[in-house]
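Please read the structure below before turning to the comments.
The values are calculated or read from the model by the stated rules, or taken from the named source; none is laboratory data. These numbers were taken from a predicted model, which means no experiment stands behind them. Using ideal geometry, Cβ is built from the backbone for each residue, glycine included, and neighbour counts are taken over all protein chains shown.
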Amino acid sequence: MKAKILILTALLSMAFFSCTKDETTTENQQAITTEEAAINAKIDIANDDISDIVAEQEGKTYADNTNGRSIDSPTSALSSCATITRVPAFGTPITPGTTVTKTIDFGDGCTLANGNVLKGKIIISFVYQPNATSHTINYEFVNFYHNQIKFNGNKSFTRTMSAATSNTPSLPVITMTMDMTATFPDGATIRRVGQRVREFVSGYGDDNWANNIYKVTGSWTTTFPNSSVQTATISADNPLIIKMSCAALHKPLLVQGLITFTRNNHTATLNYGNGECDNIAILTIDGVEFTIVIGN
């Protein structure tokens, strides 16, 4: 089947977002579009960056803890241009039961190692409970943009530890509860509701964050400006794989796995490949293949 080459950023045209009421009714009965797949891919990239930032900053408070005193510092492995403040202030002892608030300020433009540009703030808060088996981290966006897409809403993570086996140690499992809106530069607003579950595959506890590899599963619904609603699923049989080492090549971190989209009687899949650090994904809509170039 002949593959059609699509540049991701070129798909987000004004025409897609300017449906009339009659066109909306027709659109809801049609197949999933390449424009919708492009939007989903951009939001997925943003979700992964946000997950890295929030998980890192919550984890540092525990990983750097000694005898109940947190010695974590205002630094970030993901970026050298973010300013991080904490309440209680850095250097202040933290005792169990204390609420910790961290503000990650990306200023007017901060480029991550993977080439994505962030601005504004993410504020996270959690109760310091070093002996708990489950931790909840709340976070909110303050005038926050990811590659010119503005994100709004209050979100939460739940972090637990997987059961150890004879071959695998206990590893963090982070469940991301999503109810967010993404506003694109032309004013179009997309809403996503659901869950993404991210688990370590390797690299946990390694001082070099580039060695971290994760797998992602989950499901969610996305509502587009024309009121069409699409369901996305990532199964445990074919999870998304994230390689942090790909950031050194300025490539997207999603390198493998499959997302399945459904609406009415139509189905599409987005295949991120075989694990190579490239920026190519294969979109298949009702049997027709498109090669998508994932970019910033």
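Observations
- Wholly enclosed strands (runs of 3 or more DSSP E) of segment 203-275 bearing at least 2 residues more than 19 Å from ASN114 (Cα to Cα) and at pLDDT below 95: 213-223, 229-234, 254-263, 266-274
- Residue in segment 233-242 that is closer than 16 Å to ALA55 by Cβ and in contact with a Phe, Trp or Tyr (Cβ under 6 Å, 6 or more places away or on another chain) present: yes
- Flag for SER125 being closer than 27 Å to THR231 by Cα, small (Gly, Ala, Ser) and not in a loop (DSSP other than H, G, I, E, B): no
- Whichever residue in segment 112-147 is at pLDDT below 90 and more than 19 Å from MET176 (Cβ to Cβ) and, among such residues, is surrounded by the fewest Cβ atoms within 10 Å (Cβ to Cβ): ASN131
- Close pairs from segment 144-164: first over 23 Å from ALA113 (Cα atoms), partner in a loop (DSSP other than H, G, I, E, B) and β-branched (Val, Ile, Thr), Cβ under 9 Å, at least 6 apart: THR160/THR133; MET161/THR133; SER162/THR168
- Unique residue being in a strand (DSSP E or B) and not aliphatic (A, V, I, L, M) when the list is THR158, THR92, THR168: THR158
- When every residue of segment 182-193 is checked against the conditions, none turns out to be within 18 Å of ALA55 (Cβ to Cβ) and either in contact with a Lys or Arg (Cβ under 7 Å, 6 or more places away or on another chain) or loosely packed, with under 14 Cβ neighbours inside 10 Å (or both).
- Taking the criterion of being touching a helix residue (DSSP H, G or I) at 6+ places or on another chain (Cβ under 7 Å) and assigned to a strand (DSSP E or B), the residues of segment 95-117 that qualify are VAL100, LYS102, ILE104.
- Just one of the listed residues (ASN138, ASN143) is in a strand (DSSP E or B), closer than 26 Å to LEU254 by Cβ and among the polar types (S, T, N, Q), namely ASN138.
- Residues that are under 25 Å from TRP209 (Cα atoms), under 18 Å from the mean Cα position of the chain (by Cα) and in contact (Cβ under 8 Å) with a residue 40 or more places away in the chain within segment 241-286 comprise ILE241, ILE242, MET244, CYS246, ALA247, HIS250, LYS251, PRO252, LEU253, LEU254, GLY257, ALA281, listed in sequence order.
- Checking segment 176-185 against the condition returns a match, with at least one residue being closer than 23 Å to VAL201 by Cβ and in contact with a Phe, Trp or Tyr (Cβ under 7 Å, 6 or more places away or on another chain).
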